[in-house]
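Heads up, the thing below is written out as structure tokens.
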Amino acid sequence: MPRMRAWLQAAGVVLAACGSEPRAPKPPEFAEAFSSLPLPPNPEFVSRAGGAGALQITVRTPAEMAQVADYYRNVLTRGNWRLVSDIKSADGSTALYAEHDGPPLWVRIWKPTDRSGTMVQLTGAVVGQDSLPHPKRADSAAKRAS
């Protein structure tokens, strides 16, 4: 009997280990991904999603798509923001990428097919310290380039 009990316990441990699913990576905290989050006029929260190192917020605004795109182009060229990329896709959506002294920001703007207004997807990412340029290496590279 003790031998059977040991075998059943071992089988239970193996089955429990096989049945466990890996946990999804925990998304960063809101302030880590979005140190500064410009929202469009009259935003209505739609969804929030995230994974390891990134967080995505989707909102709807009653404003027209062209207004919203102009709003973000204006906001992301002021203060510490630098608008790095502004692309109009074949599907009519606009994708913007901006950087500043905090986390980068991706903005996707599109006209929904099932309702009025404009959808805005904001994605922020936590940049690891190993991704940032090392000050001494950046100085060395700048000296070599000149």
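All C-alpha pair distances within the stretch 64-127, sorted into 10 Å bins from zero, spread as 22, 53, 22, 4 percent across the bins.
With Cβ to Cβ distances under 13 Å as the rule, what net charge do the other residues near ALA98 carry (K, R +1; D, E -1)? Write out the running numbers ahead of the final one.
Numbers: positive: ARG73, ARG78, ARG82, ARG108; negative: ASP86, GLU99, ASP101.
It works out to a net charge of +1.
Summing +1 for each Lys or Arg and -1 for each Asp or Glu among the other residues whose beta-carbon sits under 11 angstrom from that of ARG82 gives -1. Taking 0.36 nm per residue of separation and subtracting the current Cα-Cα distance, fully stretching the chain between SER85 and LEU39 would add 14.7 nm.
Laboratory data are not the source of any read-out in this text; all were calculated from the coordinates shown. The structure displayed is predicted, hence computed values, not measured ones. Backbone-built Cβ (ideal geometry, glycine too); neighbour counts: all protein chains shown.
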